[in-house]
Amino acid sequence: MWFWFALGSAVFAALTSILAKVGIEGVNSNLATAIRTVVVVIMAWGMVFLTNTQGGLKSISQKSWIFLILSGLATGASWLCYYKALQVGEASKVVPIDKLRVIITLVLAFVFLHEEFTAKSLIGCALIGAGTLLMVL
């Protein structure tokens, strides 16, 4: 099941890039990010209430609150950078560079989460890096 959600994420992220590139024309990138964020907040809370999971707020630990807030700040910074890059650059170049997040995530998962970094992971990272370089040059 995780695979289908991950694939859905990739499809919607691709749509996000194209729709954002068209929508950001003539709009300040920070304002565009704020508008997008409001839509995401409404959608996310809508799902919470639709699935009746709002009661779970009480059981979230302090550690989880801290890391969810930090994750939100990282997401906000990512979106601000991404929208500015999309505004001034070509989507066909911005998106591959943004996808270097795969390599960075694997390295961070190895360092902080102690996840396994295999030969397959190393080869995949090298191919992603080479593919990104090829696409942006």
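Structure data summary
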quantity	calculated
Distance in nm between pseudo-label sites at S121 and T75 (7 Å out along the Cβ direction from Cα)	2.5 nm
Cα-based shape type of the stretch 57-137, given that a ≥ b ≥ c are square roots of the gyration tensor eigenvalues and the cut on a/c is 1.5	oblate
Protection proxy ranking, peptides 85-95, 117-127, average beta carbon neighbours within 10 Å, highest first	85-95, 117-127
Inter-probe distance in nm under a simple model that places probes 7 Å from Cα toward Cβ, at K58 and I42	3.0 nm
When the convex hull of its Cα atoms is projected in every direction, mean area for the chain (nm²)	10.3 nm²
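Bear in mind these aren't lab numbers, they're just calculated from the coordinates by the rules spelled out. All of these numbers come straight from a predicted model, not from anything done at the bench. Reconstructed Cβ throughout: ideal geometry from the backbone, glycine too, with neighbour counts over all protein chains shown.
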